[in-house]
Every structure is written in C-alpha cells, then in structure tokens.
Amino acid sequence: MDGVNSSANSASDILKEYRNQGDKSEGGKKASDMGRNEFLDLMMTQMQNQNPLDPKKNEDFVAQLAQFSSLEEMESLNTSVEDAMGQFRSTQALQASAMVGQQVQVEGNVANLGPEGQVKGAVEVPSATSNLRVSVYNPSGELVRQMDMGQQGSGTVDFSWDGENGNGDLMEPGDYRVQAQAQYDGETQELATRLNANVDSVNLENGGVTLNLAGRGSVPLDQVKQIN
C-alpha cells in the first residue's frame, strides 16, 4: 500500500512543483497561467499513477479533456488576437506615415501663425445660431482680429485667418489664441475650435502612433479630427 500511496501523490507533487516554478518564473508568471504542456503532464501523471483499487472514472477523463480543449481554444484565440493587433498597428503606422507633409485638424485654441501668414480651422456649432464670431488674440492677450461669420446652422463651420489685424497689418509669426462665440437666445456661448497644423513627422512608441505637428508638438493619432 505504501507504493500505491506514493504513486497516488505523484500528481499532487508535480502540481506543487509547477506552482513553485511558476512563482519564480521570469516576468512574474503565476501558477494559474498553466499552459497545455503542463496540463498534459499533469493529466498523464494522474493516469499513470492512479490507484488501481480506485481508478478514475471515464467521466473524469472526459471532463479533463474538455478542459484541455478549452485551453487550446483560448491559446489559439490569444494568438489570433495578437496577430490581428500586430497587423492593425502596422496598418496604422503605414497610414500615419503617409500623413507627413499634410495638414490635419485637431481640437485646440492656440494657433501657430507661420511664415505663410495664414491660420485655418473650424468651429463645432452644436445648434443653429444667429451669429457666429471668431476672435484672434496675440500672445499678450490683445484682440487683433474679429471675424463675424453671421448666421450658421449646426455642424462644423470652417474659418480662415489671413494673419492680418483689423487695420490690415500682417502680424508677426507666433502663437495666437482663437476664440469662437455664438449667440443663443441673446446670450453668448463659447464654442470648441479645431485648428489645422502640418504633420512634420510620425513617432511609433509603445504600440501607439503620435504625430509631430508644426507649432503644436506631439499629438496622438486618435485625436486627429480631419485630414486635409
């Protein structure tokens, strides 16, 4: 009987050893992260060392095989998902690289007036307004240009600033704050703005894609609202 008891304990000994190895494994892998090889080793050990006076029932083995099948399906699914994510990142990076040299539109209210002397953007109008106004302020906070755009319906309304102040003088290159306001029932409401910027380069870091925009710095690709 001692031999039978010793054999019957083999499976639990292997499971205990696996747990100890799992706790010490690289990357902090836990004992719960059992792969198919460990599963098969454990199952075969149970079959080889089962108590001949009390063998495991067929139903028990069928249940274990079902568990193994589920494990195989999960591992296959994980591999498929990882492959799909890799392909998605590659496609995303390829699309982003094609944007270099183009203009994109991102949310913000600070526009960089470059040597070309023009700023383009859009206003997000939630509902029809009797009067839409776009104001431009210099780095000192002084109003340099005001553009009345009149009655507008809901949606995205484009605007363009030629870089000149109200007197027709061309302003110096630099950062200018853009403010959009709309009239609703006699009250003034500030609205969100989008501004155009040139894409200088693309960064691929930690599985993500960021665009380096002229005058704006780095912006995640998912923050791009429009490609012009």
Check: Here is a list of conditions, (1) at pLDDT 95 or above; (2) surrounded by 15 or more Cβ atoms within 10 Å (Cβ to Cβ), and residue 198 meets all of them except one; can you say which number that is?
Finding: (1)
Checklist line | Checklist (1) surrounded by 11 or more Cβ atoms within 10 Å (Cβ to Cβ); (2) more than 15 Å from residue 110 (Cβ to Cβ); (3) free of Cβ contacts under 8 Å to residues at least 40 places away in the same chain applied to residue 218, failing item | finding: (2)
Next item on the list: Looking for whichever is exposed (fewer than 13 other Cβ atoms within 10 Å of the Cβ) and within 18 Å of residue 109 (Cβ to Cβ) here; the options are 193, 188. Which one fits?
Entry: 188
Checklist line | Criterion (modelled with pLDDT of 80 or more, under 15 Å from residue 228 (Cβ atoms) and not polar (S, T, N, Q)) met by exactly one of 110, 106, 125, 134 | finding: 106
Item checked: Sole exception among (1) more than 13 Å from residue 134 (Cβ to Cβ); (2) modelled with pLDDT of 85 or more; (3) exposed (fewer than 11 other Cβ atoms within 10 Å of the Cβ) for residue 150, by number -> (1)
Notebook entry, point to check: In segment 100-117, which residue that is over 11 Å from residue 173 (Cβ atoms) and of a type in the set (S, T, N, Q) is surrounded by the most Cβ atoms within 10 Å (Cβ to Cβ)?
Noted result: 105
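The values are calculated or read from the model by the stated rules, or taken from the named source; none is laboratory data. These numbers were taken from a predicted model, which means no experiment stands behind them. No Cβ is skipped: glycine too gets one built from the backbone with ideal geometry, and neighbour counts run over all protein chains shown.
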